[in-house]
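The values are calculated or read from the model by the stated rules, or taken from the named source; none is laboratory data. Computed from a prediction, not measured in an experiment: that's the story for all the values here. Here Cβ is always computed from backbone atoms with ideal geometry, including for glycine, and neighbour counts include all displayed protein chains.
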């Protein structure tokens, strides 16, 4: 799917003539710079039909288009990226399809950057293609720390969240405040395996223990047997590491199982506001989780969310805001570099300190390409506390950027070597 987005007809014409005559992308471009093929192509690759559709999906394409519009409004005739095209595809949460789609986008459709890519196994496949094509991949939707560990590469950046961040917030807090003995239920692919590993480490660091870790198929709609097995060791907490539609099914079945009445609490490793909206606050009320971004955090986030809602009829998840941020900062890096040449854009991104509607106290680490930023410890409100539709979260605390994510030396120790 292609969406061509450009400035006004007059400015597009003048910039196109400038490109043809001078081989430059606009003011600030070097003689060796400019656009590699007379336009910038942003590719959104994600789940547009399955369990992760609502939390990102087609609405992330709209978020990227919003970033393009804001960039063009800011720079006008001075925009280096005078013509920008947004393309998208559905990877169906399958790494082999993601691999093929990424190769198609880079090689045949001229994508300069791929954005989003939920499902960690799919993201790892795209990272390999990015390294091979020497083009950028700004991961928003996947959580595996392998992207900033053993499988990091020069052209891949990890933007929004990861399993270390989630475990560092939720695993630690729930162990200290709810219960020390856990059973973990996780989807048996790269994301779930990494979540199990990261949560186990955080729980043990906080003085707790994991009695049992139980893998489940992905995707899956029946968790009854796995919940029964998890409860058999009489834990204080069952940790659910699913997301999207799988998480909704698991929570629904947990609430029907009577385990809460038996004193076994449920902790959610990864929560999106779209999950709460789909199932209802009554099903999640009181659940503590780590939030990468919240639409109603402050006036700036609410104003952006209002714009998003005008186009989508829904409130944005952190994945939607993260894709906006990643697209906008990519274009800002192109503007600073005067070119969309990948190595030049990478150089502009590395070490950059960034503030936007998503990134608060943001910094793009050069050593492992982890984008660090403030994150939040949140709790789902009860129904009586909800003041408007989508007003589902209470922010309990801010976890500062320099505390939220894995220290850079641990990324290096895990095998990331970007020189």
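Looking only at the stretch 65-84, how many residues end up being outside any helix (DSSP H, G or I) and on the phi > 0 side of the Ramachandran plot?
Of the residues in that region, 0 qualify.
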So which residues in the stretch 130-151 are assigned to a loop (DSSP other than H, G, I, E, B) and either out of contact with any helix residue (DSSP H, G or I) (no Cβ under 7 Å at 6 or more places or on another chain) or without any contact (Cβ under 8 Å) to a residue 24 or more places away in the chain (or both)?
150
Is it the case, given these coordinates, that residue 196 is in a helix (DSSP H, G or I), at pLDDT 95 or above, out of contact with any helix residue (DSSP H, G or I) (no Cβ under 8 Å at 6 or more places or on another chain) and under 24 Å from residue 405 (Cα atoms)?
yes
Has the stretch 154-172 got any residue that is assigned to a helix (DSSP H, G or I), free of Cβ contacts under 8 Å to residues at least 24 places away in the same chain and surrounded by fewer than 22 Cβ atoms within 10 Å (Cβ to Cβ)?
no
Tell me whether the stretch 239-252 contains one or more residues that are out of contact with any strand residue (DSSP E or B) (no Cβ under 6 Å at 6 or more places or on another chain) and within 29 Å of residue 68 (Cβ to Cβ).
yes
Could you count how many residues in the stretch 373-415 are in a helix (DSSP H, G or I) and farther than 16 Å from residue 198 by Cβ?
8
Return yes when residue 295 is assigned to a loop (DSSP other than H, G, I, E, B) and either within 28 Å of residue 217 (Cβ to Cβ) or modelled with pLDDT of 95 or more (or both) and no when it is not.
yes
Every residue from the stretch 173-182 that is surrounded by fewer than 24 Cβ atoms within 10 Å (Cβ to Cβ) and part of a strand (DSSP E or B)
181
Give the number of residues within the stretch 368-393 that are surrounded by fewer than 18 Cβ atoms within 10 Å (Cβ to Cβ) and outside the structural domain of residue 284 (by TED's automatic domain parsing).
0
Among the residues that make up the stretch 296-307, is at least one of them surrounded by 16 or more Cβ atoms within 10 Å (Cβ to Cβ) and touching a strand residue (DSSP E or B) at 6+ places or on another chain (Cβ under 9 Å)?
yes
Given the conditions (1) at pLDDT below 95; (2) over 30 Å from residue 79 (Cβ atoms), every one holds for residue 418 apart from (2)
Between 62, 114, 97, 87, which is assigned to a strand (DSSP E or B) and over 23 Å from residue 347 (Cβ atoms)?
87
Odd one out for residue 256 among (1) touching a strand residue (DSSP E or B) at 6+ places or on another chain (Cβ under 7 Å); (2) without any contact (Cβ under 8 Å) to a residue 24 or more places away in the chain:
(1)
